[in-house]
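Undergrad: Structure in C-alpha cells, see below.
The values are calculated or read from the model by the stated rules, or taken from the named source; none is laboratory data. It should be emphasised that the depicted structure is a prediction, and the values quoted were computed from it without experimental measurement. Quick reminder, even Gly has a Cβ in these numbers, built from the backbone with ideal geometry, and neighbours come from all protein chains shown.
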Amino acid sequence: MFGLDDKIEKIKGIGPKKAAYFSKIGIKNIVDLIYYFPKSYENKRNIKNLSSVSDGEKATIVARICDEPQEFNKNKKLKVLRVLVSDNTKKGYVTFFNSPYLKNIFKKDEVFYFYGKIEIKNNYIQIKHPEFKNIKKCKLEEFATIQPVYGLTKGISQNDIINLQKKILLESNIKLEEYLPSYILNKNRICDINFAIKNIHFPTSIKALKVAKYRLVFEELFFLQLGLFIIKKQYISSNKGVRYDVPHEFYELINNFPFQLTNAQKKVIKDIIKDVSSGKVMNRLVQGDVGSGKTIVALLAMYLAYLNGYQSALMAPTEILAEQHFKTFEKILNPVGVNIGLLTRSVKDKDEVLNKIKSGKLNIIIGTHAIIQDNIEFHNLGLVVTDEQHRFGVRQRSFLKQKGKNINMIVMTATPIPRTLSLILYGDLDISIIDELPPGRKYIKTYSINEKKLPKLYKFIKSQIQEGRQAYIVCPLVEDSENIKAKSAVNLYKELKDNYFKFNNIGLIHGKMDSVKKDEVMQKFKSGKLDILVSTTVIEVGINVPNATVIVIQNAERFGLAQLHQLRGRVGRGKYQSYCFLVTSNTSKNTKERMKIMENTNNGFIIAEKDLELRGPGDFFGTRQHGLPELKIANLFKHADILKIAQNEARNIVDNFNDLNDEERRKFFIKVKKYFKGLLDNFSI
Ligand SMILES: Nc1ncnc2c1ncn2[C@@H]1O[C@H](COP(=O)(O)OP(=O)(O)OP(=O)(O)O)[C@@H](O)[C@H]1O
C-alpha cells in the first residue's frame, strides 16, 4: 500500500540512482509521479483495414502472415526483413531493419496486430518497424491502448515511467481524497480526481481522456486564479490605505497642460482617485496601447501623492527611460514645487540622493528596478509606479507590499492582452484600460519590404530628413555574430555613415554602451542634432521623440509581433505622418502572415490576439515570467473557455469564503499554497 507522500524509492525496483534521475524531472514522491502528466499519447485504438488506411497516419491493423518473411541486403549495413500480410481487404508489407531474429516469429498464416505509421506509395502499403503482438497471446484491447508519452530525461525511459505509473495507479489501490467541492464538480460536470488521474495516464477511451483532461485543466486554472484572488483580497484587508484628498492644485496642473487629457486618460485618473480616496490600498494595472499617454497618468498619480504629503517612486525598465521620465517630470512638476530625484546606476552623487530620499527632501524618485532591490530607506513612501517589463511580476509586487504598509501601487503595461488573461497575469490587481490615443495621431503606414529595396528606402528617409524629420533604424544584434545571420547595429552604422548617409548626422546606440554615452546619444537625437539613430531594441520601450517619423526594423522576422508593435510605437507620437518598414528576406508562410498583420493594423489588442493565435499552444505568456506557477497541463489561450468558468468559480469561492465549512477551507488552502510554492506562505484567509 502506498501513501501519496511516500518516496518513490518505496516502489520495488527504484534504487537511489534511479530516484536521482527521477528527481531531475521533479518526481520525488508518489504524488509528484501521478501528477506528472503525459505530454502526448499514442492512440493504438485507431484500428483500420488495409483498404481504408491513409498515407502518414498511425494505425493498428490485424493481419495474417501470407508468406515466409523475405530477407535481403539493401546495402552493406542494412539488412531488410519484409513480411507480406493481408487482412482480407488488401495486402501490405511489414518491414524491419537489421532484425534477423524476427524471421522465426512471423509464421505463415498466423495473425498479428501491428501498430505503426502507414506509408503508401503507388498503392504499395508498408509499415516500417511496427509494434506487434500475436493475437493468440494478447487481446485486442490489451494491445490497442491509448498509450501515454512522457517527457524524459537522461537515465529514464518511457517504459520506466509507464511501469511506475502502472504499479501505482493500476496495481496498487491508491485513492486520492477529492479536494474540489462537490457543488463545483456537479455544476460543471467535472469528474472526480481518481477518475481524472487514472485516465490521464491510462485512458480507457478517447472520451475518458477528454473528461479527465478537462478536470485537470480546470483545476489548474482554478487554483491559479484562486491564489491570485486570495493575494488580492489579502492586499486589501491587511493594508488600511490612507485616504487622499484631491486639492484644487491637482486640477490646476491638469488645466495648465498644453493639451486636453483624452477621455480614456480621464477615466483612468478617476479610477485612481476613487482608489486612493476610498481608504483602501490601490493595486491598479494601467493597460494602454503604445503612445496612449500613460506617463502623464503616472505623473498625475504621483503629484497627488505629493499633495497629500507622500513620497512616490517610479521604476522604469531601462536607464534611458528613467532619464527621459526624469526630464519630463522636472519640466512639469518643478514649477509647482515638487523635488524630483533620479536614481540609476550612473548617478554620481548617489549617497546624496539616498540621504535626500531618507530625509524626505525628495518627493518623487525616478529610477530603475534597483529602487526596490537595494534596501533604500524612504521617508514616507506612499505610491510606487512600476512597469511590467523586466519581470516585475506578482512575486516582486507581493515583496514590495510586504516592505511597507499602505503602499499604493500602479503597474503600467503597454502590452494589451484580453481581459481573461489580464485576470491571470495581473490577477492581484484591478485593471484600467487607456483605449484611446491622443487626438491628431495619424495611422502609421507599415510596409514589409525585401532587403533589395533598401536603397529606395534610404532615399525616402533622406527626403523625410530634408523635411526636418528623424528616423530610427533598428537591428537585432549589437555586433556581427558568427552564429546568427542578422544585421548588427555596429556594422550597419559604419556602413551607412560611410555611404548612404555620409552627409547626414547619424548616431549609434546599443545596450553594451555605458550609460553616460547612451544618454549623450539619446539627448542628441531628442534635440534633433542627429537625423538618424541606428539602434538595437534598447529603444523598444517608452522612448518619446515626436519628431521621428520613420522606423526601419531590420530582420523583422526575428521579432515577436508584440515587440514589433512596441518598436513601431516609437514613431507616430506627434502630428506628422509616420512610417514603419519591416525589412525581411524570409519568405516563410509564418513570416508573411505576421508581416501582413503588422501592415493591416495599428491596434495593439488585435495584434496581441493574433500573436497568440499564431504562436499556438505552449506557455507562451510566460506565466513563470510573471512570477506565477508554471502551467503543467492548461494552456491560457487554448483553454480560454475553461479559464472563464474557472475564474467564475474562483471568484465565487473568494467572495463567499465564509459559506464553506472549516474542513473545505482547509483543504483548499493547502492545495493553493502548495500550488504557489511559497508565495502564499505569509497569507491566511
Ligand atoms: N491627451 C494628450 N493629448 C496630446 N498629447 C498627449 C496626450 N497625452 C499624452 N500626450 C503625448 O503623447 C506622447 C506619448 O505619451 P506617453 O509617452 O505618455 O505614452 P505611453 O503610453 O507611455 O507610450 P509607450 O507605451 O510607448 O511608452 C507624449 O509626447 C505625450 O506628451
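Undergrad: Would you be able to say whether some residue in the stretch 439-453 is away from the ligand (no atom under 16 Å from the Cβ) and among the hydrophobic types (A, V, I, L, M, F, W, C)?
TA: The answer is yes, given that some residue of the stretch 439-453 is away from the ligand (no atom under 16 Å from the Cβ) and among the hydrophobic types (A, V, I, L, M, F, W, C).
Undergrad: Pick out the one residue from Ile449, Ile444 that is surrounded by fewer than 18 Cβ atoms within 10 Å (Cβ to Cβ), touching a helix residue (DSSP H, G or I) at 6+ places or on another chain (Cβ under 8 Å), within 21 Å of Ile532 (Cα to Cα) and in contact (Cβ under 8 Å) with a residue 60 or more places away in the chain.
TA: Ile449
Undergrad: Here is a further query. Among (1) part of a loop (DSSP other than H, G, I, E, B); (2) hydroxyl-bearing (Ser, Thr, Tyr); (3) assigned by TED's automatic domain parsing to the domain that holds Asn104, which single condition is Thr60 missing?
TA: With (1) part of a loop (DSSP other than H, G, I, E, B); (2) hydroxyl-bearing (Ser, Thr, Tyr); (3) assigned by TED's automatic domain parsing to the domain that holds Asn104 applied to Thr60, the lone miss is (1).
Undergrad: Also: Pairs please, first residue from the stretch 482-493 and in contact (Cβ under 8 Å) with a residue 40 or more places away in the chain, second anywhere and assigned to a loop (DSSP other than H, G, I, E, B) and of a type in the set (A, V, I, L, M), Cβ atoms under 8 Å, 6+ apart in sequence or on different chains.
TA: Ala489/Val478
Undergrad: I would also like to ask the following. Residues of the stretch 271-281 being within 22 Å of Pro418 (Cα to Cα) and either within 15 Å of the ligand (Cβ to nearest atom) or of a type in the set (A, V, I, L, M) (or both), which ones?
TA: If the condition is that a residue be within 22 Å of Pro418 (Cα to Cα) and either within 15 Å of the ligand (Cβ to nearest atom) or of a type in the set (A, V, I, L, M) (or both), then Ile272 is the only one that fits.
Undergrad: Go through (1) at pLDDT 90 or above; (2) within 15 Å of the ligand (Cβ to nearest atom) one by one and return the number of the condition Ile539 breaks.
TA: Ile539 satisfies every listed condition except (1).
Undergrad: How many residues are assigned to a helix (DSSP H, G or I), surrounded by fewer than 21 Cβ atoms within 10 Å (Cβ to Cβ) and in contact (Cβ under 8 Å) with a residue 40 or more places away in the chain when one looks only at the stretch 197-208?
TA: Residues flagged as assigned to a helix (DSSP H, G or I), surrounded by fewer than 21 Cβ atoms within 10 Å (Cβ to Cβ) and in contact (Cβ under 8 Å) with a residue 40 or more places away in the chain within the stretch 197-208 amount to 1.
Undergrad: Among the numbered conditions (1) loosely packed, with under 14 Cβ neighbours inside 10 Å; (2) under 31 Å from the mean Cα position of the chain (by Cα), tell me where Ser172 comes up short.
TA: Looking at each condition in turn, Ser172 falls short on (2).
This table checks each residue for (1) of a type in the set (Gly, Ala, Ser); (2) within 23 Å of Gly604 (Cβ to Cβ); (3) not assigned by TED's automatic domain parsing to the domain that holds Gly542.
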site	(1), (2), (3)
Gln260	no, yes, yes
Lys266	no, yes, yes
Lys270	no, yes, yes
Val276	no, no, yes
Val290	no, yes, yes
Lys294	no, yes, yes
Ala298	yes, yes, yes
Ala301	yes, yes, yes
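Undergrad: Based on this model, can you work out whether Val297 counts as within 15 Å of the ligand (Cβ to nearest atom) and outside any helix (DSSP H, G or I)?
TA: Criteria not met by Val297.
Undergrad: Of the residues that make up the stretch 330-339, is at least one within 13 Å of the ligand (Cβ to nearest atom), surrounded by fewer than 21 Cβ atoms within 10 Å (Cβ to Cβ), of a type in the set (A, V, I, L, M, F, W, C) and assigned to a helix (DSSP H, G or I)?
TA: Scanning the stretch 330-339, I find at least one residue that is within 13 Å of the ligand (Cβ to nearest atom), surrounded by fewer than 21 Cβ atoms within 10 Å (Cβ to Cβ), of a type in the set (A, V, I, L, M, F, W, C) and assigned to a helix (DSSP H, G or I), so the answer is yes.
Undergrad: Being surrounded by 13 or more Cβ atoms within 10 Å (Cβ to Cβ), without any contact (Cβ under 8 Å) to a residue 40 or more places away in the chain and farther than 30 Å from Ala650 by Cβ narrows it down to one residue among Ile118, Ile105, Ile135; which is it?
TA: Ile105
Undergrad: Moving on to the next point. Kindly check whether there is at least one residue in the stretch 464-471 that is more than 30 Å from the chain's Cα centre (by Cα), within 16 Å of the ligand (Cβ to nearest atom) and either β-branched (Val, Ile, Thr) or assigned by TED's automatic domain parsing to the domain that holds Leu564 (or both).
TA: The answer is yes; a qualifying residue exists.
Undergrad: When you look at Asn123, is it on the phi > 0 side of the Ramachandran plot and not aromatic (Phe, Trp, Tyr), yes or no?
TA: Against the criterion (on the phi > 0 side of the Ramachandran plot and not aromatic (Phe, Trp, Tyr)), Asn123 qualifies.
Undergrad: Out of all the residues in the stretch 520-529, which are surrounded by fewer than 22 Cβ atoms within 10 Å (Cβ to Cβ) and of a type outside the set (Gly, Ala, Ser)?
TA: Those that are surrounded by fewer than 22 Cβ atoms within 10 Å (Cβ to Cβ) and of a type outside the set (Gly, Ala, Ser): Glu520, Val521, Gln523, Lys524, Lys526, Lys529.
Undergrad: Picking from Asn590, Asn600, Asn586, Asn555, which residue would you name as being touching a Pro at 6+ places or on another chain (Cβ under 7 Å) and more than 16 Å from the ligand (Cβ to nearest atom)?
TA: On inspection, the qualifying residue turns out to be Asn555.
Undergrad: Regarding Glu482, is this residue charged (D, E, K, R) and modelled with pLDDT of 85 or more?
TA: No; evaluated as a whole, the condition is false for this residue.
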